[in-house]
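A.B. asks: Sharing a structure below in structure tokens format, with a few things to ask.
The values are calculated or read from the model by the stated rules, or taken from the named source; none is laboratory data. Since we're looking at a predicted model, the values are computed, not measured. Every residue, glycine among them, receives a Cβ derived from its backbone with ideal geometry; neighbour counts consider all protein chains shown. Just the protein is used for accessible areas: all its heavy atoms, side chains included, with ligands, DNA and RNA removed. Shrake-Rupley method; radii C 1.70, N 1.55, O 1.52, S 1.80 Å.
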Amino acid sequence: MTASAIKLGMPINYAGDFRETIDNLVDFEAAGVARIAVPEAYSFDAVSQLGYIAARTEKMELQSAILPMYSRTPSNLAMTAAGLDFISGGRFVLGIGASGPQVIEGFHGVKYDYPVGRARENADICRLIWRREKTEYRGKHYTLPFTKEDGGTGLGKPLKIINHPVRERIPMLLAAIGPKNTEVAAEMFEEFQPFLFHPEHVDVAFGEPLAAGKAKRDPSLPELGIVVQATARVTEDAEQIENASQMVRHQAALYIGGMGARGKNFYNQLAVRYGYADAAKEIQDLYLDGKKVEAAAAVPADLVEAMSLIGPRSLVAERVAAFRAAGVTCILAAPVAPTHKERVEDMAQLAEIFAS
């Protein structure tokens, strides 16, 4: 991977007081945060919150993180992105992903199938609509218009989006960790967002599919961006470092151990690709047995450190250098200091480190 400049971003926590968080965004924007990412999962929708943020900010990019493909049609995703890009003055990044069968089938009641093919067709249709071309598309998973031969009424017509989008190529990001999803991200999307990212193991975990996708990449696309999340706490205080590290441990245990069933957990498989096969099995066994504290304790210390920006400024700078060397172009740093003032100070320090 080649070294590249890194943009400082920040995820919004949907579990907190959203309005208070947004009231404080101006401080983070002034501190150098260039992108804000809003998750959706199965909480409040991300779109209404992104619209609110667009009205309260001036320069930072707004990213959906992540809109599930199964809960919206490709045309609806295109309309949503065009609308958010319009009200933000061209600052929106459309982040989409497959989520997982637990959420898609359990919460949305929609069959979870063909995530790679659907990602490809979503990208095609969104770009067709942003170019204001008629909705004429025949894919394996989506057909526009849906004709009588397809089982429709026969009244569907190919249409163009009424308004003129601010940009006909709104940046699209695909959240992916599996090899096939990673390959299509590298082939068709402006950005790729893996989760639980270990920069020293980027080649063994993602190198082959990234290379395969880039070999087929449309030359009109910019160089692939890599967006990752990392818990952040810049401090020399041992207690603060431990508290932040525990947050990472519990999050890692949730995903490696609990986000999926045995044999069907994408995050567990990722940990195996990183070389943590024994730890991944232990974490999953403990977590699925209801021993969540023990599962968190089983997360290897070197994995916690590798994925995070926690510790004295010198150590954090070393981790930033490792992310940069792995080709990362944007880090969504989640500040976990106990006060707003300290969180802003941490983000300001990160902005300085990223710029150095």
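A.B. asks: I'm trying to understand the selection: among the residues of the stretch 287-299, which are farther than 15 Å from Gln251 by Cβ and in contact (Cβ under 8 Å) with a residue 24 or more places away in the chain?
C.D. replies: Leu288
A.B. asks: Given (1) over 14 Å from the mean Cα position of the chain (by Cα); (2) on the phi < 0 side of the Ramachandran plot; (3) touching a residue at least 60 places away in the same chain (Cβ under 8 Å), identify the lone condition not met by Gly90.
C.D. replies: (2)
A.B. asks: So if I check each of Tyr287, Tyr274, Tyr267, which one is farther than 21 Å from Ala31 by Cα, of a type in the set (Ser, Thr, Tyr) and touching a His at 6+ places or on another chain (Cβ under 9 Å)?
C.D. replies: Sole residue among the options that is farther than 21 Å from Ala31 by Cα, of a type in the set (Ser, Thr, Tyr) and touching a His at 6+ places or on another chain (Cβ under 9 Å): Tyr274.
A.B. asks: Could you look through the stretch 125-156, keep only residues that are farther than 15 Å from Ala81 by Cα and touching a residue at least 24 places away in the same chain (Cβ under 8 Å), and pick out the one that is most open to solvent (accessible area, probe 1.4 Å)?
C.D. replies: Restricting to residues being farther than 15 Å from Ala81 by Cα and touching a residue at least 24 places away in the same chain (Cβ under 8 Å), the top hit is Lys140.
A.B. asks: Shifting gears a bit: Evaluate the stretch 294-304: report whether one residue or more is under 23 Å from Val103 (Cα atoms) and either touching a His at 6+ places or on another chain (Cβ under 8 Å) or at pLDDT 95 or above (or both).
C.D. replies: Yes, the stretch 294-304 contains a residue that is under 23 Å from Val103 (Cα atoms) and either touching a His at 6+ places or on another chain (Cβ under 8 Å) or at pLDDT 95 or above (or both).
A.B. asks: Looking at (1) part of a helix (DSSP H, G or I); (2) of a type in the set (Val, Ile, Thr); (3) touching a Phe, Trp or Tyr at 6+ places or on another chain (Cβ under 8 Å), can you tell me which one Val116 breaks?
C.D. replies: It fails just one condition, (3).
A.B. asks: Which ones in the stretch 273-322 are open to solvent by less than 20 Å² (accessible area, probe 1.4 Å) and of a type in the set (Ser, Thr, Tyr)?
C.D. replies: Tyr274, Ser308
A.B. asks: Within the stretch 3-26, count every residue that is more than 18 Å from Gln229 (Cα to Cα) and modelled with pLDDT of 95 or more.
C.D. replies: 0
A.B. asks: Considering every residue within the stretch 123-139, establish whether at least one is under 17 Å from the mean Cα position of the chain (by Cα) and within 20 Å of Arg169 (Cβ to Cβ).
C.D. replies: Scanning the stretch 123-139 turns up at least one residue that is under 17 Å from the mean Cα position of the chain (by Cα) and within 20 Å of Arg169 (Cβ to Cβ).
A.B. asks: Here's a follow-up. Identify the residue in the stretch 5-23 that is in contact (Cβ under 8 Å) with a residue 60 or more places away in the chain and surrounded by fewer than 15 Cβ atoms within 10 Å (Cβ to Cβ) and, among all such residues, is farthest from Arg72 (Cα to Cα).
C.D. replies: Ala5
A.B. asks: Something else: Does the stretch 62-73 contain at least one residue that is in contact with a helix residue (DSSP H, G or I) (Cβ under 7 Å, 6 or more places away or on another chain) and under 16 Å from Met10 (Cα atoms)?
C.D. replies: Scanning the stretch 62-73 turns up at least one residue that is in contact with a helix residue (DSSP H, G or I) (Cβ under 7 Å, 6 or more places away or on another chain) and under 16 Å from Met10 (Cα atoms).
A.B. asks: Given Ala41, Ala81, Ala34, which one is within 17 Å of the chain's Cα centre (by Cα), open to solvent by less than 30 Å² (accessible area, probe 1.4 Å) and in contact (Cβ under 8 Å) with a residue 12 or more places away in the chain?
C.D. replies: One residue alone meets the criteria, Ala81.
Here is a yes/no grid of residues against (1) open to solvent by 20 Å² or more (accessible area, probe 1.4 Å); (2) modelled with pLDDT of 95 or more; (3) out of contact with any Lys or Arg (no Cβ under 8 Å at 6 or more places or on another chain):
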position: Gly97; (1), (2), (3): no, yes, yes
position: Gly109; (1), (2), (3): yes, yes, yes
position: Gly117; (1), (2), (3): yes, yes, no
position: Ala123; (1), (2), (3): no, yes, yes
position: Pro158; (1), (2), (3): yes, yes, no
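A.B. asks: Now for a different question. Residue by residue through the stretch 224-260, note down the ones that are farther than 17 Å from Ile177 by Cα and open to solvent by 30 Å² or more (accessible area, probe 1.4 Å).
C.D. replies: Scanning the stretch 224-260 gives Glu236, Asp237, Ala238, Glu239, Gln240, Ile241, Glu242, Asn243, Gln246, Met247, Arg249, His250.
A.B. asks: Is there a residue in the stretch 48-64 that is open to solvent by less than 60 Å² (accessible area, probe 1.4 Å), within 14 Å of the chain's Cα centre (by Cα), modelled with pLDDT under 95 and not basic (Lys, Arg)?
C.D. replies: Within the stretch 48-64, not a single residue is open to solvent by less than 60 Å² (accessible area, probe 1.4 Å), within 14 Å of the chain's Cα centre (by Cα), modelled with pLDDT under 95 and not basic (Lys, Arg).
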